[in-house]
């Protein structure tokens, strides 16, 4: 499975030349171990993979006994792993580094030695028990691996052409045309259903069976809930309650997550750590209310008014339709052919959050519930900042629409109220590209290019 992050690995290898270790973070089952080992196999003369889930006591003892004598350290490492080490052409991988923090601390000395390159993979790395009693090395550079985006999904489906056409139309600001758009939307709905977790994509690619993909997604969701029970010490019930409530919160289109749906006496300050846990575990993408839509979106964010999105939309679909433990095959087919009798707005909004996150954007939204002034009541799904800043008009308000008939009242109010801040408003919809009433309307499959 091809992943775009490989280009970032190559850039790191060529530019840093062993001066830093690269830590690949991501949720469980997002494909970290696979893509790092694939990179090692194709870009180094040899590599050593140490999986700390199953590493032998002898391997772990190296970090206790031999860091003061790196010649002995590497000699024993080569002997224990049966791998020859080549100066400046061997990559040493610390897989599941959260299971053995001592090795992470040792990178300070290993990187300074300079003989080899180092990469780490891990999940739940910000949890206190995984960092206690060690000094995090300053030589560690972080990179995040997200679920597969739409283009990566197309690659997995042996399609190298579709995204090139989409990218060309986006650059030229022109529609794909009715027939092509209809075909791409069918493939995009397939992506919505399957999602971007490699294990799930692989199950579907091998069988073309939605139920095999559903079973793989269910295993991942069970794994996440087990992780919450195991690692969210002191507030696991709160984390679990928030995670299970996310689909319902999105369906209600709440201005921010309503804790009253979990506990009528709940207070955000009591649940703050639970939200942060889901964010740090990269199970959810958090979208924060920004009270002032200028270039300082983060500065004006209210950290306790937020909307959680599931990090992978395929998992969200399974959470939505799980009355019988597994989503029904008929539901998959109805969504695929756009025949389901429910509003899929929450799925579309979630996948836009996922695609913005994959393209490196932090998530912000705007909402005002002024009961005294109807002209000041509005909600904007997302606020994004222009890549190339100008003196004014740097914030792009974005609304997500899941049907062909929709209103744009909030966008118009927003532009009127924030004339100096607002750039051309954007609608992300299920239709083809068009410009309407001074707004750019992009098909949802172009989201990552906006």
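The values are calculated or read from the model by the stated rules, or taken from the named source; none is laboratory data. This structure is a prediction, so every number in the text was calculated from the model and none was measured. Counting neighbours? That spans all protein chains shown, and the Cβs are built from the backbone with ideal geometry, glycine included.
Could you please let me know if residue 372 is out of contact with any helix residue (DSSP H, G or I) (no Cβ under 8 Å at 6 or more places or on another chain) and part of a loop (DSSP other than H, G, I, E, B)?
For residue 372, the condition - out of contact with any helix residue (DSSP H, G or I) (no Cβ under 8 Å at 6 or more places or on another chain) and part of a loop (DSSP other than H, G, I, E, B) - is met.
Of everything in region 220-273, what is without any contact (Cβ under 8 Å) to a residue 12 or more places away in the chain, farther than 22 Å from residue 287 by Cβ and either part of a helix (DSSP H, G or I) or not assigned by TED's automatic domain parsing to the domain that holds residue 302 (or both)? Give them in sequence order.
222, 226, 229, 230, 236, 237, listed by residue number.
Can you tell me how many residues within region 142-176 are within 16 Å of residue 360 (Cα to Cα) and outside any loop (DSSP other than H, G, I, E, B)?
Going through region 142-176 one residue at a time, the tally reaches 6.
So residue 386 clears everything in (1) under 25 Å from the mean Cα position of the chain (by Cα); (2) touching a residue at least 60 places away in the same chain (Cβ under 8 Å); (3) surrounded by fewer than 19 Cβ atoms within 10 Å (Cβ to Cβ) except one condition, right? Which one?
Evaluating residue 386 over (1) under 25 Å from the mean Cα position of the chain (by Cα); (2) touching a residue at least 60 places away in the same chain (Cβ under 8 Å); (3) surrounded by fewer than 19 Cβ atoms within 10 Å (Cβ to Cβ) leaves (2) as the failure.
Residues to consider are 54, 10; find the one that is free of Cβ contacts under 8 Å to residues at least 60 places away in the same chain, surrounded by fewer than 18 Cβ atoms within 10 Å (Cβ to Cβ) and closer than 30 Å to residue 157 by Cβ.
Among 54, 10, only 10 is free of Cβ contacts under 8 Å to residues at least 60 places away in the same chain, surrounded by fewer than 18 Cβ atoms within 10 Å (Cβ to Cβ) and closer than 30 Å to residue 157 by Cβ.
Have a look at 166, 93, 97 and point out the one that is touching a helix residue (DSSP H, G or I) at 6+ places or on another chain (Cβ under 7 Å), surrounded by 17 or more Cβ atoms within 10 Å (Cβ to Cβ) and assigned by TED's automatic domain parsing to the domain that holds residue 274.
166
Residues in region 372-382: is at least one touching a strand residue (DSSP E or B) at 6+ places or on another chain (Cβ under 7 Å), in the same structural domain as residue 250 (by TED's automatic domain parsing) and more than 23 Å from residue 301 (Cα to Cα)?
no
If I ask for residues that are over 25 Å from residue 34 (Cβ atoms), at pLDDT 95 or above and surrounded by 13 or more Cβ atoms within 10 Å (Cβ to Cβ), which ones from region 64-90 would you list?
Across region 64-90, the qualifying residues are 70, 72, 73, 74, 75, 76.
Quick check: anything in region 189-198 farther than 19 Å from residue 344 by Cβ and modelled with pLDDT of 95 or more?
Looking through region 189-198, at least one residue is farther than 19 Å from residue 344 by Cβ and modelled with pLDDT of 95 or more.
Condition check: within 23 Å of residue 317 (Cα to Cα), surrounded by 14 or more Cβ atoms within 10 Å (Cβ to Cβ) and modelled with pLDDT of 95 or more. Does residue 216 satisfy that?
Against the criterion (within 23 Å of residue 317 (Cα to Cα), surrounded by 14 or more Cβ atoms within 10 Å (Cβ to Cβ) and modelled with pLDDT of 95 or more), residue 216 qualifies.
In region 188-212, what count of residues is obtained for those that are surrounded by 12 or more Cβ atoms within 10 Å (Cβ to Cβ) and either without any contact (Cβ under 8 Å) to a residue 40 or more places away in the chain or assigned by TED's automatic domain parsing to the domain that holds residue 28 (or both)?
Residues in region 188-212 being surrounded by 12 or more Cβ atoms within 10 Å (Cβ to Cβ) and either without any contact (Cβ under 8 Å) to a residue 40 or more places away in the chain or assigned by TED's automatic domain parsing to the domain that holds residue 28 (or both): 4 in total.
Scan region 273-304 for residues that are over 19 Å from residue 358 (Cα atoms), touching a strand residue (DSSP E or B) at 6+ places or on another chain (Cβ under 8 Å) and at pLDDT 90 or above and jot them down.
275, 289, 290 - these are the residues of region 273-304 that are over 19 Å from residue 358 (Cα atoms), touching a strand residue (DSSP E or B) at 6+ places or on another chain (Cβ under 8 Å) and at pLDDT 90 or above.
Checking residue 157 against (1) in the same structural domain as residue 47 (by TED's automatic domain parsing); (2) at pLDDT 95 or above, only one condition comes out false. Which one?
(1)
Tell me the strands (runs of 3 or more DSSP E) entirely within region 382-450 that contain at least 3 residues that are in contact with a helix residue (DSSP H, G or I) (Cβ under 8 Å, 6 or more places away or on another chain).
395-400, 426-429, 439-443
I'd like to know if region 24-32 contains one or more residues that are at pLDDT below 95 and more than 16 Å from the chain's Cα centre (by Cα).
For region 24-32, residues at pLDDT below 95 and more than 16 Å from the chain's Cα centre (by Cα): absent.
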